[in-house]
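These notes concern the structure reproduced below.
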Amino acid sequence: MPISEKSSGNNNINKRLVVKKLFARQQHEGFGAVVRRSIGRFELRYFDPFLVLDEFSVSAPAGFPDHPHRGFETVTYMLEGEILHEDCEGHKGVIREGGLQWMTAGKGIVHSEMPSSNSNGITHNKGLQLWINLSSKHKLVEPSYQEIESKDLAETEKDGVRVRIIAGEWNGVKSKICTRTPTMYLDFTLSPGSRISQSIPFHWNAFVYVLEGQGHFGDSKLQHSGAAAHHLLLLGLGGDRLEAWNSSDSGLPLRFILVGGEPIGEAMVQFGPFVMNTQEEIDQTIDDFDNFRNGFEKARHWKSQAASALGLF
């Protein structure tokens, strides 16, 4: 659902302006976990191609035990601590602080995401999880992973601006991630007084989520332009760049993610962790999952070690 912006004078012709601001309040998900959900809640069900954005915080034994997915991708980016990932296909690994997992659920996966044994008792296992929809031609592909440790994630710094490049590129530095749905995902840290002017493909939907500090985005004269931590800012169409600057009076850095994606423009039907194009496909997915077919065969006798140790299943 593309969102149009209202220009405010000739100076804003090429700018992306903020058209909506949401505060991500805390809610409980999984097993004792807390998330701040900004996309995928009743005020913003879907922002094509983005289905969900959660800022999560978990400490053992809380987490996200065994659950299924079909029809989209999950992007897990750890900000602090670490999370153990296991799935019914036999994949297992730890996503550590600053690291990234880009999982294509495709035709079906059952997995768990729990604090690792090394993080037992640590209250700062924090991160972001973004769900990205897949077009109909990719919804039933085989599950796959792209995983990057923090030390290998593309990163650059210039004029007081530090950028971690999760998807896309900045200042000639490119991410290693391949995206089925064309996507940019940049993690910016702006020192006091610094600013950016970041290009965004003209027809892509894009948003900002503020992690730390205080900043202005688009045009300081507009009501929604200023934001602090845990705020999501939807950017309107009609421009090809975002201007942002650190407006903190406290001398603290501003950290935010800028995410953009090419709208898929197809019908979307969601039933919890299943995202397809029609209700009939959702009904088939539920039947496949209940009967361990068409991508869910290996889930019949599988339980994650982490959830089993807690006696959850």
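The values are calculated or read from the model by the stated rules, or taken from the named source; none is laboratory data. No experiment lies behind these values; they were computed from the predicted model shown. For neighbour counting, all protein chains shown are included, and Cβ atoms are generated from backbone atoms with ideal geometry for every residue, glycine included. Note: accessible area is taken over every heavy atom of the protein model, side chains too, but ligands, DNA and RNA are not part of it. Shrake-Rupley method; radii C 1.70, N 1.55, O 1.52, S 1.80 Å.
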Exercise. Is it the case that the stretch 70-86 has a residue that's more than 26 Å from L186 (Cα to Cα) and not charged (D, E, K, R)?
Worked result: no
Seminar exercise, completed: Within the stretch 1-46, the residues that are open to solvent by 60 Å² or more (accessible area, probe 1.4 Å), closer than 23 Å to I264 by Cα, assigned to a loop (DSSP other than H, G, I, E, B) and modelled with pLDDT under 85 are M1, P2
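For the stretch 111-183, please list each of the strands (runs of 3 or more DSSP E) lying entirely inside it that holds at least 1 residues being under 30 Å from Q305 (Cα atoms) and modelled with pLDDT of 95 or more.
Details: elements: 125-133, 144-148, 154-158, 161-167.
Qualifying strands (runs of 3 or more DSSP E): 125-133, 144-148, 161-167.
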For this session: Go through the stretch 173-203 residue by residue and tally those that are open to solvent by less than 30 Å² (accessible area, probe 1.4 Å) and not β-branched (V, I, T).
Result: 9
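Among the candidates L84, L51, L100, single out the residue that is in contact (Cβ under 8 Å) with a residue 60 or more places away in the chain, out of contact with any Ser or Thr (no Cβ under 9 Å at 6 or more places or on another chain) and under 20 Å from Y145 (Cα atoms).
Details: L84 fails: out of contact with any Ser or Thr (no Cβ under 9 Å at 6 or more places or on another chain); L100 fails: out of contact with any Ser or Thr (no Cβ under 9 Å at 6 or more places or on another chain).
After ruling out the rest, the residue left standing is L51.
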For this session: Would you mention how many residues in the stretch 88-112 are touching a helix residue (DSSP H, G or I) at 6+ places or on another chain (Cβ under 9 Å) and either hydrophobic (A, V, I, L, M, F, W, C) or open to solvent by less than 30 Å² (accessible area, probe 1.4 Å) (or both)?
Result: 9
Exercise. What are the residues in the stretch 204-243 that are in a loop (DSSP other than H, G, I, E, B), open to solvent by less than 40 Å² (accessible area, probe 1.4 Å) and at negative phi, if any?
Worked result: W204, D219, S225, A229, G236, G239
Exercise. How many of the residues making up the stretch 244-297 are assigned to a loop (DSSP other than H, G, I, E, B), over 30 Å from S225 (Cα atoms) and under 17 Å from the mean Cα position of the chain (by Cα)?
Worked result: 2
Problem set entry | Filter result (modelled with pLDDT of 95 or more and in contact with a Ser or Thr (Cβ under 7 Å, 6 or more places away or on another chain)) within the stretch 68-81 | R70, E73
For this session: Give the residues of the stretch 133-152 that are touching a Gly at 6+ places or on another chain (Cβ under 7 Å), open to solvent by less than 70 Å² (accessible area, probe 1.4 Å) and within 29 Å of P61 (Cβ to Cβ), sorted by residue number.
Result: P143, I148, S150
Problem set entry | When residues of the stretch 267-313 are limited to those that are of a type in the set (D, E, K, R) and surrounded by fewer than 16 Cβ atoms within 10 Å (Cβ to Cβ), the one farthest from E89 (Cα to Cα) | E280
For this session: Within the stretch 153-172, track down each residue that is surrounded by fewer than 19 Cβ atoms within 10 Å (Cβ to Cβ) and closer than 17 Å to I196 by Cα.
Result: E155, T156, E157, K158, D159, G160, R162, E169, N171, G172
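Considering only residues that are assigned to a strand (DSSP E or B), under 17 Å from the mean Cα position of the chain (by Cα) and either under 25 Å from P182 (Cβ atoms) or not aliphatic (A, V, I, L, M) (or both), which ones fall in the stretch 58-78?
Start the filter on the stretch 58-78 by keeping residues that are assigned to a strand (DSSP E or B), which leaves 58, 63-70, 72-78.
Still in the running and under 17 Å from the mean Cα position of the chain (by Cα): 58, 64, 69-70, 72-78.
F64, H69, R70, F72, E73, T74, V75, T76, Y77, M78 - these are the residues of the stretch 58-78 that are assigned to a strand (DSSP E or B), under 17 Å from the mean Cα position of the chain (by Cα) and either under 25 Å from P182 (Cβ atoms) or not aliphatic (A, V, I, L, M) (or both).
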Exercise. Considering only residues of the stretch 285-313 that are farther than 28 Å from E82 by Cβ and among the basic types (K, R), which is modelled with the highest pLDDT?
Worked result: R293
For this session: Determine the pairs where a residue that is farther than 14 Å from D249 by Cβ, located within the stretch 214-226, has a partner that is modelled with pLDDT of 75 or more and of a type in the set (S, T, N, Q) with Cβ atoms under 7 Å apart, the partner being 6 or more residues away or on another chain.
Result: F217/S225; G218/S225; D219/S225
Exercise. Between a first residue in the stretch 235-256 that is polar (S, T, N, Q) and a second residue that is assigned to a loop (DSSP other than H, G, I, E, B) and crowded, with 17+ Cβ neighbours inside 10 Å, which pairs have beta carbons less than 6 Å apart while being 6 or more apart in sequence or on different chains?
Worked result: N246/S194; S248/G213
